[in-house]
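The values are calculated or read from the model by the stated rules, or taken from the named source; none is laboratory data. Given the structure is predicted, the values throughout are model-derived calculations rather than measurements. Don't worry about glycine lacking a Cβ; one is built from the backbone with ideal geometry, like all the others, and counts go over all protein chains shown.
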Amino acid sequence: MATFSAQVTDLVGTFSDETALDTFITEGANEVINAMPRNMLERVAEETPVTTGTTASEGHKVLHMLRNDGTIDQPCRRIPASQRGRVADSDDMEYATTSDPAYYVKDGKFNILPSGAGLLVSMPTYSQTSPLDASAISTITNFPNEAEYLVVLYAAIKALQQVMNGKSSSLPTDVTLPSAPVAPEISTVSYTDATNADATVGAIVVSDKIDISGNAPSFVSPVSSSADFAKVTSYVETDEDVELAAAKVQQIQSQISDFNAKMQESTNKFNKENVRYQMEFQEEVTKVNQDLQAEVETFKTKASIAQFNKQQDQALNLANAAKQIEDVIADNGNKLQKYASELQKYQAEVTSEIQNYSVKIQKHTMDYQWLIGQHQNLIADYQRGLQLLTGARAS
């Protein structure tokens with residue numbers, strides 16, 4: 001037969017906390033013993049020597065106490081400690097004799113009257129300081145074979161409760177969005193007149209730069225409420241109220257749905273603002289290019305008239321000035337094109353992060369629902385087993 005540890009793993013899946021599992025197996029064995037009917041307890045009861053006033057009463061599930069009268073072991077009647085004086089008084093009708101001995105518990109010790117040694121018949125109990133080793137044993141010594149599966153069910157229930165409690169700390173964090181691209185700084189387009197005493201040419205007047213930094217959209221992530229899975233665990237483990245646990249899970253699912261709706265709303269708002277921004281951005285670029293082109297054309301006309309009075313060096317100065325303007329315009333155009341590309345990449349990354357977060361939340365919820373269902377099934381099996389155990393007949 002598989003070890004207790006392997007049997008629990010078959011029911012709950014991977015569970016690596018062997019120390020906790022040893023404790024669960026030990027607690028389960030003691031709880032099943034407490035639920036056993038007397039006829040079953042008598043099958044597996046153990047006799048322990050008792051020295052009156054010395055043997056500790058803790059850790060014993062007493063079935064009866066015996067005292068030898070010199071010939072046979074006589075059953076001791078149990079009395080309250082408050083009546084110990086009466087059973088020690090030979091004139092009292094409750095007086096304890098070797099043929100009619102009595103015992104009581106005082107200060108955590110067994111006391112037998114008449115004073116002497118005895119035998120304590122009790123069920124074995126398992127200490128938490130030296131718990132059963134679940135990974136090393138597949139059966140419990142002096143324990144009913146037909147009741148051992150209940151110990152496994154008890155341990156599996158507790159193991160699932162621990163896994164469920166740990167789920168609250170493994171929730172995915174809020175969406176981590178990438179940084180929004182920074183609007184580029186557009187260089188000022190300007191022209192300085194070439195010097196010529198015989199020619200007068202006005203300066204090209206254009207906008208200083210395209211101002212788009214104040215209108216760039218940004219994505220505002222909604223804040224999600226913390227999913228209180230620990231409360232669900234408390235309802236199941238402490239209150240044993242499955243209905244409240246199910247209601248709490250439904251509330252958590254509602255919080256997740258609300259967060260997804262808000263996240264979709266934020267995404268839609270960002271997309272809308274981004275479309276507007278792209279249109280405004282393109283309008284600004286077109287307007288600047290048109291204004292600049294008009295000014296350049298005006299300048300060229302004036303320059304053509306002035307060339308009649310210019311020497312070769314003046315023509316060269318004009319060409320150099322025009323080239324500088326074209327370089328600035330080309331550089332600004334490259335910056336704006338790069339910025340547009342970064343905006344598209346940013347939008348794609350935001351969408352991807354939102355989708356990944358939603359998938360993680362859904363997976364986490366499905367896992368937790370499976371744990372709750374399996375936990376309820378194990379509790380039902382355990383309770384059914386206890387009922388059968390209580391009605392079992394000694395074989």
Exercise. Does any residue of the stretch 202-216 turn out to be in the same structural domain as I325 (by TED's automatic domain parsing), part of a helix (DSSP H, G or I), surrounded by fewer than 16 Cβ atoms within 10 Å (Cβ to Cβ) and modelled with pLDDT of 70 or more?
Worked result: yes
Problem set entry | Looking only at the stretch 251-273, and only at residues there that are surrounded by 13 or more Cβ atoms within 10 Å (Cβ to Cβ) and either of a type in the set (D, E) or under 18 Å from the mean Cα position of the chain (by Cα) (or both), the one that is nearest to S218 (Cα to Cα) | E273
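Please specify each residue of the stretch 133-171 satisfying the condition of being assigned to a loop (DSSP other than H, G, I, E, B), under 30 Å from the mean Cα position of the chain (by Cα) and modelled with pLDDT of 90 or more. Give the steps one after another, and end with the answer.
In the first step, residues of the stretch 133-171 are kept if they are assigned to a loop (DSSP other than H, G, I, E, B); the result is 133-144, 171.
Okay, now just the ones that are also under 30 Å from the mean Cα position of the chain (by Cα), so 133-135, 171.
Listed by number, the residues that qualify are D133, A134, S135.
Test of understanding: among Y95, Y126, which residue is among the aromatic types (F, W, Y) and over 55 Å from the mean Cα position of the chain (by Cα)?
Values: Y126 fails: over 55 Å from the mean Cα position of the chain (by Cα).
Going through Y95, Y126 in turn, just one is among the aromatic types (F, W, Y) and over 55 Å from the mean Cα position of the chain (by Cα): Y95.
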Exercise. For the stretch 58-80, how many residues are under 52 Å from the mean Cα position of the chain (by Cα) and of a type outside the set (K, R)?
Worked result: 8
Exercise. Taking the stretch 36-57 as the search range and keeping residues that are more than 49 Å from the chain's Cα centre (by Cα) and hydroxyl-bearing (S, T, Y), which one is surrounded by the most Cβ atoms within 10 Å (Cβ to Cβ)?
Worked result: T52
Problem set entry | Test: I112 is under 26 Å from H64 (Cβ atoms), outside the structural domain of V12 (by TED's automatic domain parsing) and under 57 Å from the mean Cα position of the chain (by Cα) | yes
